[in-house]
Amino acid sequence: MGLCCIFLEILCAILLPPLGVFFRHGCCSLEFCICLVLTILGYIPGIIYALYVIVAVDPDRFRRESDYYVVVA
């Protein structure tokens, strides 16, 4: 993912926090739901969480970790 895409996600996260998280993680992810609730409770906590999720959380982390747990029958 390019630097331009991350910049646009951060810009969207500042304007509307759940939208920035949606672009990075999708609609039905835990991160999106948490961001939506935080934005409803307060705009600033929603922005802070959205920026954290966009910059620090890797959306493919769980897919890579599940590759290590292969069951051989």
- Taking segment 35-49, which residues are closer than 20 Å to I6 by Cβ and among the hydrophobic types (A, V, I, L, M, F, W, C)? C35, I47, I48
- Message: Please verify whether I34 is at pLDDT 90 or above, open to solvent by 90 Å² or more (accessible area, probe 1.4 Å), in a helix (DSSP H, G or I) and not polar (S, T, N, Q), treating the condition exactly as stated.
- Response: no
- Query: Out of V71, V57, which single residue is open to solvent by 100 Å² or more (accessible area, probe 1.4 Å) and at pLDDT below 90?
  - Reply: V71
- Message: Going residue by residue through segment 37-48, is there one that turns out to be open to solvent by 100 Å² or more (accessible area, probe 1.4 Å) and modelled with pLDDT under 90?
- Response: no
- Message: Cβ-Cβ distance below 9 Å, separation of 6 or more or different chains: which pairs start in segment 11-25 with a residue that is charged (D, E, K, R) and modelled with pLDDT of 90 or more and end on one that is part of a helix (DSSP H, G or I) and open to solvent by 80 Å² or more (accessible area, probe 1.4 Å)?
- Response: none
- Query: Could you count how many residues in segment 1-21 are open to solvent by 40 Å² or more (accessible area, probe 1.4 Å) and under 13 Å from V57 (Cα atoms)?
  - Reply: 1
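The values are calculated or read from the model by the stated rules, or taken from the named source; none is laboratory data. These figures come from a predicted structure and were not determined experimentally. Methodologically, a virtual Cβ is constructed for each residue, glycine included, from the backbone with ideal geometry; neighbour enumeration extends over all protein chains shown. Calculation scope for accessible area: heavy atoms of the full protein, side chains included, ligands and nucleic acids excluded. Shrake-Rupley method; radii C 1.70, N 1.55, O 1.52, S 1.80 Å.
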